[in-house]
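The block underneath contains the structure these notes are about, expressed in structure tokens.
The values are calculated or read from the model by the stated rules, or taken from the named source; none is laboratory data. This structure is a prediction, so every number in the text was calculated from the model and none was measured. Glycine also receives a Cβ, built like all others from the backbone with ideal geometry; neighbour counts cover every protein chain displayed.
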Amino acid sequence: MNNQRDISSACDDRSAVVLPALRDRVVRDVVRAWRELTRGVAQSGREDAKLVDTLVACSGGADSTALLLALRAATRRLVVGHVVHDLRPAEECEAERDRVRELADALGLPFLEARVIARRAEGEGGGTHGPRNLEARARRLRYAALAEMARASGAAFVATAHHADDQLETLVMALLRGAGPQGLRGIAPCRRLEGGPQEDLTAHKPGSSGGVWLIRPMLSVRRAEAEELCRRCGVQWNEDPSNHDSSRLRAALRHGPLRKLAELRPEGARRAGRTAELMREAAMLVQERVERVFGPCGETSECSGSASMGDEAGDPRAGRTHGSRRTSWGRDALRSESELVIAAGLRRHVLRLTGGEGADRFSSHLIKPVIRAIKDASTETRRFAWPFGVHVEVTSRLVTIQA
């Protein structure tokens, strides 16, 4: 049976949008991954499990357009979500928004939009206004907007179009900054979406406890395959000029060494996904040890007040105490741990203090001097000033983080 069919398009050229056939390999892979990632809801016993929508985050680029076309070939239980931001001229962003709305109309799907303001007024927020900070802020706001649109539409899932080439680029960038398993885990297939980009390594069962989940069903698909699917369906996609800005590391890698690498190893991007899977497993093992050493406390506000934990001999958390914005651990307990565990624990705690802001700034060049101070034989007090008003103190007995 031919599942390919024409749908009248409201696009500028008034041509028809042709839905791809379900037997198309790219469509089949995307739909299979989508069903696997959303299976937790279907198995959760919820009465509305079969009616749960997926909000497809669609910028109008080739990747997200291909994702939308592939999923629409399998179901109508979709909502199209688009975020208008202020990182490019308003007329460009609004024209892209209009094209996505027209595509949603052509596919017979509801359309939602949200606006985010990523550029802060000078001096607002006390942060740095460099390009990386601006991009990170825009990303956080975009995820928050997508989560809100999903809640408003009753969707349990937000699907984004991260693909195999994105995964390879992410892994190479992590290698270049000397990342460990946490960074080399790459782009996760799913995580709970709470309005921020932080990965929850303990969350691997979407829909098992409600809320909105971020899913990425295209991680096995190449960028070129997404573009080819759009062409076959007669859909013109939006081009983001920043994707060709070679001053940005990701774009420079994409159009330089990784293009050459793809010529030498065409399947390299897909195979890199396997490395990311293995690193996610390794990162989970580190996370389990971090939970034991640093404690399971999830948010700083939950650690308010004063308490001491783990006084029993042999408990790696011995001497850990909390204040409203201050947490201490026994130095001897941390000294016996690997640098990998200490770094992961310190970084996790700091990012919870900052609400996830500045993730790219709390890198090894900041954390390594603290680890050296923890592990050396000195009994002198050392203090370290970190971004966002975070202070770390290492004394003869305690390691303290305060913000």
Out of Arg259, Arg254, Arg231, Arg271, report the one residue that is surrounded by 18 or more Cβ atoms within 10 Å (Cβ to Cβ) and outside any loop (DSSP other than H, G, I, E, B).
Arg254
May I ask you to say which residue of Val52, Val30, Val79 is over 20 Å from Leu219 (Cβ atoms) and either at pLDDT 95 or above or buried (at least 23 other Cβ atoms within 10 Å of the Cβ) (or both)?
Val79
Yes or no: segment 2-14 includes at least one residue that is in the same structural domain as Arg137 (by TED's automatic domain parsing) and either modelled with pLDDT of 85 or more or under 18 Å from Val221 (Cα atoms) (or both).
no
Matching residues in segment 78-95 - criterion: being over 15 Å from Ala138 (Cβ atoms) and touching a residue at least 60 places away in the same chain (Cβ under 8 Å)
Val79, Gly81
Answer yes or no as to whether Leu37 is assigned by TED's automatic domain parsing to the domain that holds Arg97 and either modelled with pLDDT under 50 or within 22 Å of the chain's Cα centre (by Cα) (or both).
yes
Name the residues in segment 148-186 that are within 26 Å of Arg289 (Cα to Cα) and in contact with an Asp or Glu (Cβ under 8 Å, 6 or more places away or on another chain), would you?
Arg185
